1. Any idea which residue in segment 216-245 is surrounded by the fewest Cβ atoms within 10 Å (Cβ to Cβ), counting only those that are at pLDDT 95 or above and farther than 25 Å from Val23 by Cβ?
2. How many residues are of a type in the set (Gly, Ala, Ser), surrounded by 13 or more Cβ atoms within 10 Å (Cβ to Cβ) and in contact with a Gly (Cβ under 9 Å, 6 or more places away or on another chain) when one looks only at segment 90-131?
3. Name the one entry in Leu198, Leu185, Leu174 that is within 16 Å of ligand 1 (Cβ to nearest atom), in the same structural domain as Pro83 (by TED's automatic domain parsing) and within 15 Å of the chain's Cα centre (by Cα).
4. So Asp141 passes all but one of these: (1) part of a loop (DSSP other than H, G, I, E, B); (2) exposed (fewer than 13 other Cβ atoms within 10 Å of the Cβ); (3) at pLDDT below 95. Which condition number does it fail?
5. Does Ile220 count as away from ligand 1 (no atom under 16 Å from the Cβ), within 20 Å of Thr56 (Cα to Cα) and touching a residue at least 12 places away in the same chain (Cβ under 8 Å)?
6. Give Glu151, Glu231, Glu191 a once-over and let me know the one that is outside the structural domain of Ser29 (by TED's automatic domain parsing), without any contact (Cβ under 8 Å) to a residue 24 or more places away in the chain and more than 29 Å from Tyr67 (Cα to Cα).
Amino acid sequence: MRFAPHGGSCGHSCCLRVENVSVRIGSDSILKDVNLHVHCGEMVALIGPNGAGKSTFLKTVLGEREYEGIIAFSEPGQRSKKPRIGYVPQSPNFDPSDPVSVADLFACCMSKRPAFLGLSKSMRETVLECLERVHGTDLIDKRVGTLSGGELQRVLLALALEPMPNILILDEPLSGVDVEGMETLMDMLDEIRKTYDLSILMTTHDFSMLPRYADQVVLIDHAVLIKGSPETVLNSEEFSRAFHMKGGRA
Ligand code: ADP
Ligand code: MG
């Protein structure tokens, strides 16, 4: 990964420039010559059919896949400092009978103290502050396996926001969330983006949300098919062919 200097002033958020990125896994070409630019403070949605390479692309940006090409971040302030990336993976499945609570999950991720000893008072306050960012302080003692899809996404989001990243990457945050919950979650992401000055790159299959929330949509199927405003992409021939839909509707 290469961190390139950037001339403009971007505040806290950072921009991401991807040039001619190709990824192979074994003998398979998963991504070919992908070009895209997430501008500072933008929300960019990456869409594409199942198996198109969306998750692979996110993992490549996170530095977890080998690639050819250039992945460059603007510097978020001090020179030579790498940007902080917050990542919300595709919803993991938790067993409803698993006794792990939200507090335990934070303890495992944020503290060296064994989770079975419980949270120290100061740590509990820190966790509550993290959950406050996603309006989720009431979730702290709930078992992770019993959370609804929307609640789980908020908890994972709260984890990804500590420490506060410069760019936030989310893999299908709306899957498993009901329609009402989707809007709440997207409103929350929009609010977080503005409050903390973040850039957001997310994958989704929920196209109805795009016109209202995304600044830019990138349609991929192993390569970029089309990118632009939500209206441009959702009304394109490329979109119709990829999803057999018109304007985001079947
Ligand atoms: P999407 O997220 O768009 O559904 P993925 O990025 O998960 O697609 O997968 C793209 C393609 O890459 C699929 O054909 C998948 O089987 C393959 N793939 C992804 N990860 C691996 C891996 N670790 N090993 C082998 N093939 C993989
Ligand atoms: Mg995926």
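The values are calculated or read from the model by the stated rules, or taken from the named source; none is laboratory data. Because the structure is a prediction, the values reported are computed rather than measured. Every residue, glycine as well, gets a Cβ built from its backbone with ideal geometry; the counts of neighbours run over all protein chains shown.
1. We begin by selecting, within segment 216-245, every residue at pLDDT 95 or above; these are 216-242.
Adding the requirement that they be farther than 25 Å from Val23 by Cβ leaves 229-232, 234-235, 237, 240.
Working: Ser229: 14, Pro230: 20, Glu231: 13, Thr232: 13, Leu234: 23, Asn235: 13, Glu237: 10, Ser240: 13.
Once the filter is applied, the top-ranked residue is Glu237.
2. Residues flagged as of a type in the set (Gly, Ala, Ser), surrounded by 13 or more Cβ atoms within 10 Å (Cβ to Cβ) and in contact with a Gly (Cβ under 9 Å, 6 or more places away or on another chain) within segment 90-131 amount to 3.
3. Within the list Leu198, Leu185, Leu174, the selection yields Leu174.
4. Here Asp141 meets the rest and fails (3).
5. no
6. When all the criteria are applied, what remains is Glu151.
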